[in-house]
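Below you'll find the structure, written out as structure tokens, and then a few comments.
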């Protein structure tokens, strides 16, 4: 307790708060003269709709329209700069409210709000005047969490059994009261209070996803810097990288996210959550609040946000694989060496860029080409063709091999996936194959994997292994083990 108190004291010291005010993007957003303008737009485009990927041109267009709406009825434009200039400012290191990046396979930059900027906006949301401040539900939540800690950490079987017997007696007493017609119901205020608390926690979970994703990106960035400046053996580098990666996955945050993702992707959990949520939204006390539209699909938002975190981890693994593979490509060895030297120098001057640039540009003079310098037309020579008879050769290759090739219709497989997703939000690859057994064996399974790799709505779960079976042309049963693949409705 004393250690925790000291940590809070250090965090709230004048020196630390002064540094935080200058360096923290959340504080800079709240203290900025642009705070109402920037916070309103970022909330509208990213947080309210749970969008995590917006192309540059689309976001510029939306920002220009947003400025035009704010400037209506005024003699001059309220914010004089262009939308592109505002976005570039918000994404630079001085502000840090937006993250500007290139998604895989895209040549247009995209934007996402940073986790610290979202914290500032969520704090602004918490300032709104509420009709009442619920304390009962939060107090009950505190008691339940403490009881849960005690029950799940008790190692004495006798005490655990005694607690279970006590709860059993309470349940039996409640059953008796219900049988006698004594049903205890929540009043309208209690229902609203608990519902508001559930909505608050649901939004906080979405905000936490961006923070988790940012931590993984920081790990990825640190590992790239390590790779760029490494001058020792590859084995030592991989050992350091894997130790750092294991440290993240085994950390409290990593374990918590893994448990959350496993629970969220459980079909029974999803069905139970959807049924419970539908029942709650049908209650008159909740229906009058008019918030059903915002929370009805909250679990889909959780899945999409979690998928972004998984994609970040996948990109980290891809970076490792690229480093391992590059030493086997002899023709690119020199290119990779030059690139690593450039990356190393870039990392060295990242925090202290040079004041003066010295560079040389080839071809600074214009190249002039006059029409009269072009050669005149030269008619082509007419080839002499010998019209000799050609004797037919002896066929020594069986022509049947040309007609025995296997063709898998990729669009047909996509149509099958889309057809099944019309009746459900998500489906695993193994369930798809149960509905449509593999007709062309391994070749068809590989095309399914290609479709999953190309689709942004597909999620890979390497920790979960599934079996897929089919019968080959000889009648023998074949089985393949692969990571669970989940296709989601767009």
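Taken together, the values in this text are just the output of simple stated rules run on the coordinates, not laboratory data. If you're wondering where the values come from, they're calculated on a predicted model, not measured in any experiment. No Cβ is skipped: glycine too gets one built from the backbone with ideal geometry, and neighbour counts run over all protein chains shown.
List of remarks:
- Put simply, the C-alpha atoms of region 410-488 give a gyration tensor, and the ellipsoid matching it has half-axes of 20, 15, 11 Å, longest first.
- P(r) histogram, all alpha-carbon pairs of region 15-126 included - 10 Å bins from 0, percent: 13, 45, 32, 9, 1
- On the beta carbon distance between residue 138 and residue 167, with R0 = 25 Å, the FRET formula returns roughly 0.65.
- Sequence of 297, 287 once ranked by neighbouring C-beta atoms within 10 Å, starting from the fewest: 287, 297
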